[in-house]
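Asker: The structure is given below, and queries will be raised subsequently.
Derivation of every value follows stated rules applied to the coordinates shown; laboratory data play no part. Keep in mind the model is a prediction, meaning the values are calculated, not measured. We place every Cβ from the backbone using ideal geometry, glycine too, and count neighbours over all the protein chains shown.
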Amino acid sequence: MNPSLLWPSSPLALTIEPPAYFHDLNLDRVVEGVVGKLEFDLRPLFYTPLQDLEAIRYRQAVVADLEQPALNQALWTFTQAQHTLREHLERSQKLSNPYQRQGFFLEAAQVYVDAVRALEQALEENSPSAPAWRRVTAYLKNYTASPAFQNLERETQALRQALAEVHYTLLLQGDRVTVRAGGEELDYQGEIELLFARFRQGAPKDYRVGFSEWNTLNHIEERILEGLVRLFPRVFAELESFARHHQGFPDPVITTLDWEVQFYLGYLDYCRPLREAGFAFCLPEVGTEKQVSLEEGFELAVAQQQLAEGRKVVPNSFSLEGAERILVVTGPNQGGKTTFARMVGQAHHLAHLGLAVPGRSARLFLCDQIFTHFERREAAQEMRGKLQDELLRIHQALSRATPRSLLVLNEAFSSTSLDDARFLMNKILQAVARLDALAVVVTFIEELASFSETTVSMVAQVDPDDPALRTFRVVRQQADGKAYALAIARKHGLSYPQLKTRLALSRTASLGGSGEGLPALS
Amino acid sequence: MKVCLLFPERDFDFTLPAPRSELQGELTLDLGLDVLWAAMAQGDSLVRQVVERVMLSSLEVERTVVVYRQGILRDFLQNTGALEALYALVQEGLASEKKARHWAYSRSPSSVLLRALEVMGLLLVHLRRLRAWAEAMEGRLRSQGLSQLVSSLRRELDEAYLREVEEHLEGLAFRQGVLLGAELGPGLKGMGYRLLKPKKPEQSWWQRLLAPKPPAYTFTLHPRDESGFQILREIQDRGLNTTANALAQSVDHILGFLNQLRSELAFYLGALRLYRQLEALGVPLCFPEVADDSTCSFQGLCDLALALRSGGSVVGNDLTRGSALVVITGANQGGKTTFLRSVGQGQLMLQSGLFVGASSFTSGLCKGIYTHFKREEDAGLKSGKFDEELSRMSRIVEHLQAGALVLLNESFASTYEPEGAEVAYQVVRALMEEGVRVYLVSHMYSLTHRLYEERQSGAVFLRAERRPDGSRSFRILPGAPQRTSYGEDIYQQVFGSFDERTKVGGK
């Protein structure tokens, strides 16, 4: 079997359409960021989460080896060379001038041979331990030892050498052009530079002009080349025969390797700005236990944007212990609740691709499906219709969900009355709890935070000194709805200890004041 | 080629930004430097810029540099015609660039080359004149800097070299066509176009006729093949790119050399102009001596800004031996500030390599000169003024190092005296202990008396003279601080006649 960096055994059938939750979790933005610059459409790979642990670990091992900078760099160089190779091959077929076609064919051969050799050497030097890399290494070793490859390599180099030795002169006299083989004419520009060297000082202005470079020959260049063919007949005859005899490259396995590598490199490249800014990524421990956790994770698409705009990226953590299954996220508007929920969903999807997830460490659940419910803003129907639609969608998700599923519910029922929302959310949470699935629920109904022993309350924080400032930190905390109010009270000097002190002062100032007592602290 | 008229081994870098400009603004104001610079420039903005830059960059300087510049300035003062002639020559050379017909570098190497060739041709004339100046000066200029310049002009611009340049300029007109070398790049596209030198016809015509010709392939463009001509021009341009660049840069370098020469000469031209004006005003002028330690002594030191402004000679002062701390007290309007200013000017002019307005002046070099003068014009809130003074002092302290000179003029006097004196005392004490030279003008008796009582390491105490009749001589003489500052005298001066007339007071 041919070696693959993606599949330990036979490949999964790739999904062509993005999963339903992709947009809700901002994964579409992430994937566009990753594949946008790539030559191949690798989207289907990102749409197809792996279902078994062995396949996930197979890819994780590939990723772990890519942490070696030398290997990583070598693979980048390899993919770039493959790109150049394709360009040259295309030219060797499309261009009209036959000598040029042959010239680019030779160029392609050189790039190909060099790229294969460089990759072989990089793998040998860095000896990555992943099974996938070992298979690739073995394959390359075999391939480069084959007579076909060695023949190609040898002849390419010989011919390139011969062409590099073609030096010629052009004498331009008005409308006359004379082409001659280069002799021992003296370099004039160096002489001129030497002549004026005594005046040289500092860093001078550069007067050189940039020229645009085209690959095709224009008619004048063709005539010059015609002259060169006559002046150097042997070299051009060899070139012609080379193009006829070496049509057997590139090897299909190496072509496949190119885009498989790009799956990993594209994602690494996308994450690089955040990694360079000091944000951690890790290979998650994926398992069938529901006690999941993530330390200093973040929502990838939002973090990327915040970093680019020079804003602060705030990592968040969570962990579920024992019977805990449901994260209930509450707190002020625009406080980072939705972003937190997306982070949990994203981490799971990325983990199922076998990739690193944002965070210092992660223990994630091997789930069979991810379901999301985000408010559809575009559906501006009457309230009843909208509520019905929401319920329908949630029902659909719940009926397809299994105990091995992950649900991300964001601000459901925000457009109904508080009583309705409270009632419906209670019902839904009961269903989720019965199902024993994992869930993240963002809601404004704070009492849901203490729904049962399976729920964990996460509260988006505000800055205590300036309650108007969101910190985007989401912390495991009792949701009593008081954190925000208390911060405002403190700002005005009305917190309990502040009031005690102030009242004590005013008490001493005016003894025998009013008998109004303070309410007891609960 | 280097100019090296301000430093023995390098050109003055006028492109560097002036350091600590904020503090230099204070220095300029407090020492009245604008008046000096205006006198040096006489309306010439280049001279003005140069003298300002050079003097302010001389706040820290090596002894060798001072001696070097003094030598050049002496030479020029003795050969004033030489300086003015050279300056005019350089000006004309620089103007030749503007005379070129091909006035702007366009984007093609051919036109870059064309213009460079033309300007270079014009410059050759002026380079020859420069050499002629140098030949005429041989033996007349004795300073290290100028004899170096003379000999390097003669050496670098010798006739053989200039002829060779001319020949090359002729060759670059390409009357026999352009010969390029090239190789084959990817896809058999020509690359690496470069200009080659055609072989000189060394053999006679019949030898050439009989010699085997290398095989050649020649083609001719159809006269209407306009795109073909366009392409040929581009190929030629590729080949000329480096050469055009080298030549255009050489033009720049020669212009750069002339520019540098003009700027460095401008410093001496400014000095010459100042010298002439002060001489006419009867101000004593001398070349100062650099002492090895931080002492300072002088005779007849004048405030040049005052002399220039008043248009006459002014009272000079003597200091037999200055030390790390000089305290000046005495009568109001008795010349204390003028004295302080003249010390600062003298020190800065010494360090710049200039003459000093005194009959003699000796001082050690300082690592920076700072002024902290009372701001009279500061009409801000009273409470804010002391704060402003402190923040100014703090800015100075950020830059201070041992060996600096600090001129304090009525510092910290904008607050209640005992407190101001305590602050000032602590500042002065700390500065002295850190090896900073301090000249202090103060009428805070509690401060000056305290310093007098301590008499740290030979501190010098001077006092503005008050004649027995109460009039001021504007002379600063040795003397211990005294309790009164003769405000009464000034009151008398101002109100005296008034009082007499109204018969309210009088003695």
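Asker: Step through the table entries A:Lys205/B:Lys2; A:Lys37/A:Lys312; A:Lys94/A:Lys141; A:Lys37/A:Lys337; B:Lys336/B:Lys374, compare each Cα-Cα distance with 22 Å, and write down the pairs that go over it.
Answerer: Too far apart for the 22 Å limit: A:Lys37/A:Lys312; A:Lys94/A:Lys141; A:Lys37/A:Lys337.
Asker: State the extension gain, in nm to one decimal, for the chain segment bounded by B:Ala95 and B:Asp469, taking 0.36 nm per residue of separation less the distance between their alpha-carbons.
Answerer: 128.4 nm
Asker: How large is ³J(HN,Hα) for each residue in region B:74-79, as worked out from phi by the Karplus curve 6.51 cos²θ - 1.76 cosθ + 1.60 (θ = phi - 60°), to whole Hz, x for Gly and Pro?
Answerer: Here the 3J(HN,Hα) series is 4, 4, 5, 5, 7, 10 Hz.
Asker: If you don't mind, there's one more thing I want to ask. Tally the DSSP beta bridges in chain B and give the antiparallel ones as a percent, rounded to 5.
Answerer: In chain B, approximately 40 percent of DSSP beta bridges are antiparallel ones.
Asker: Kindly put A:Val35, B:Val423, B:Val119, B:Val397 in sequence by how many other C-beta atoms sit within 10 Å of each C-beta, fewest to most.
Answerer: The most exposed by this proxy come first: B:Val397, B:Val423, A:Val35, B:Val119.
Asker: Under 5 Å between amide hydrogens, which residues at least 5 positions from B:Ala404 or on another chain qualify, with H placed 1.01 Å from N in the peptide plane?
Answerer: When sequence neighbours closer than 5 places are left aside, the close amide H contacts are B:Lys367, B:Arg437.
Asker: Modelling each spin label as a point 7 Å along the Cα-to-Cβ direction, I'd like the A:Ala277/B:Arg129 distance in nm, to one decimal.
Answerer: About 6.2 nm separates the two model spin labels.
Asker: For chain B, what is the relative contact order in percent, using Cα pairs closer than 8 Å and at least 6 residues apart in sequence?
Answerer: Contact order relative to length: 18 percent.
Asker: Oh, and also: Which of the listed residues, B:Gly357, A:His23, A:Ala437, is farthest toward the dipole's positive end in the protein assembly as shown, when Lys, Arg count +1 and Asp, Glu count -1 at the beta-carbon?
Answerer: It is B:Gly357.
Asker: Classify region A:25-130: rounded, prolate or oblate, from the alpha-carbon gyration tensor (a ≥ b ≥ c, eigenvalue square roots; a/c under 1.5 rounded; otherwise prolate if a/b is larger than b/c)?
Answerer: oblate
Asker: Report, for the protein assembly as shown, the % of DSSP beta bridges that are antiparallel, rounded to 5.
Answerer: Within the protein assembly as shown, antiparallel bridges account for around 50 percent of the total.
Asker: Moving to a separate point now. Based on the inverse mean of 1/r over its pairs of different Cα atoms, what is the Kirkwood hydrodynamic radius of chain A, in Å?
Answerer: 28.7 Å
Asker: Continuing with the same structure: For B:Val460, list long-range residues whose amide hydrogen, built 1.01 Å from N in the peptide plane, is under 5 Å from its own amide hydrogen.
Answerer: Amide H neighbours of B:Val460, under 5 Å, 5+ apart: B:Ser323, B:Leu325, B:Val326, B:Val327.
Asker: When Lys and Arg each count +1 and Asp and Glu each count -1, what net charge do the other residues less than 14 Å away from A:Arg342, Cβ to Cβ, add up to?
Answerer: Taking every other residue near A:Arg342 into account, the sum is -3.
Asker: Which of rounded, prolate, oblate describes chain B, given a ≥ b ≥ c as roots of the alpha-carbon gyration tensor eigenvalues and a/c under 1.5 marking rounded, otherwise prolate only if a/b is larger than b/c?
Answerer: Prolate shape, in that a/c is at least 1.5 and a/b is the bigger ratio.
Asker: Same structure, new question: No solvent, one uniform scatterer per C-alpha: report log10 I(q)/I(0) for region A:281-479 via the Debye equation at q = 0.10, 0.11, 0.14 1/Å, two decimals.
Answerer: -0.40, -0.49, -0.81
Asker: Something else about it: Based on other C-beta atoms within 10 Å, arrange A:Ser212, A:Ser9 from fewest to most.
Answerer: A:Ser212, A:Ser9
Asker: Something else about it: With point charges of +1 on the Cβ of Lys and Arg and -1 on the Cβ of Asp and Glu, referenced to the Cα centre of region A:281-479, which listed residue (A:Thr288, A:Phe340, A:Ser452) lies farthest in the positive direction of the dipole?
Answerer: A:Thr288
Asker: Also, quick follow-up: For the protein assembly as shown, compute Rg over Rh where Rg is the Cα radius of gyration and Rh is the Kirkwood radius from the inverse mean 1/r over Cα pairs.
Answerer: 1.12
Asker: Going 7 Å from the Cα of B:Lys197 toward and past its Cβ, which residues in region A:184-210 have a backbone nitrogen under 15 Å from where you end up?
Answerer: Correct set: A:184-197.
Asker: Let me ask something else about it. Taking the Cα centre as origin and putting +1 on Lys and Arg beta-carbons and -1 on Asp and Glu beta-carbons, what dipole magnitude results for chain B, to the nearest 20 debye?
Answerer: 1360 debye
Asker: Continuing with this model, one more query. Go through region B:50-65 residue by residue and turn each phi into a ³J(HN,Hα) via Karplus (6.51, -1.76, 1.60, θ = phi - 60°); whole Hz please, and just put x for glycine and proline.
Answerer: 5, 5, 5, 4, 5, 5, 5, 7, 9, 4, 10, 7, 8, 4, 4, 5
Asker: In nm, to one decimal, how far is the modelled label at B:Phe174 from the one at A:Gln68, with both set 7 Å along Cα→Cβ?
Answerer: The modelled label-to-label distance comes out at 5.4 nm.
Asker: If R0 is 60 Å, what FRET efficiency do you get for A:Asn426 and A:Arg134 from their C-beta distance, rounded to 0.05?
Answerer: 0.65
Asker: Among A:Trp259, A:Trp7, rank each residue by its count of other Cβ atoms within 10 Å, from fewest to most, as a rough exposure measure.
Answerer: With the fewest neighbours first, A:Trp259, A:Trp7 line up as A:Trp7, A:Trp259.
Asker: While we're here: Note down the nm distance, to one decimal, between modelled labels 7 Å out along Cα→Cβ at A:Ser241 and at A:His395.
Answerer: Spacing of the two 7 Å Cα→Cβ label points: 8.0 nm.
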